[in-house]
Amino acid sequence: MPDKLTPQQRHKCMSRIRSKNTKPELLVRRWLWADGFRYRLYVRNLPGSPDIVFKKYKIALFINGCFWHGHKTNYEFGKSKSIDSSECCKIPKSRTDFWMQKILRNKERDVINYIQLKNAGWNVLVVWECQLKGKEQQAQTLKALSYQINSIILKSYSKPESYDLKPDSDYLEVAEADKNYGR
């Protein structure tokens, strides 16, 4: 099916689609800032330039648009098939081969970036655009995100697993009994 718009009209439409400071990103950023989190935006020296980065705790947060990152769809044999019943993005009816290839490349690039971040010791979190639709689902998603970030931060402060104190060792106690130290 041919495109209904001329190439100039299509170019104008596509040029207005933002990749930074999108509505879902702004929503998540406002929530995190109000919740007391401080972060950096679009750190370019990390794989995939995460949308939000908590450098001290090695957390990379991506806020993905469902269409551009192929959420809940499986592209096989030239057809868009939904993985589950709640399909949140559809391939355009014009130039379907182009769009399927583009979105597949985006999905592959995302996986590679996530693996590189994980191998470098980063925690990767992804929020999908469809998770922020509707007031109840939005609130639930943002609370779950805060919970995930807080649990990662708490884990960073926990003692290492190799650190093992045995009760019968000669370590100083916080509230040790009165001892004579040669006075």
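Pull out the extension gain between K72 and A139, defined as 0.36 nm times the separation in residues minus the alpha carbon to alpha carbon distance; nm, one decimal.
22.0 nm
Spin-label model, L104/N150: points 7 Å from Cα along the beta carbon direction are separated by 4.3 nm.
Read-outs throughout are calculated quantities, based only on the coordinates presented, and are distinct from any laboratory measurement. Computed from a predicted structure; not experimentally measured. Note that we place each Cβ from the backbone using ideal geometry, even for glycine, and neighbour counts take in every protein chain shown.
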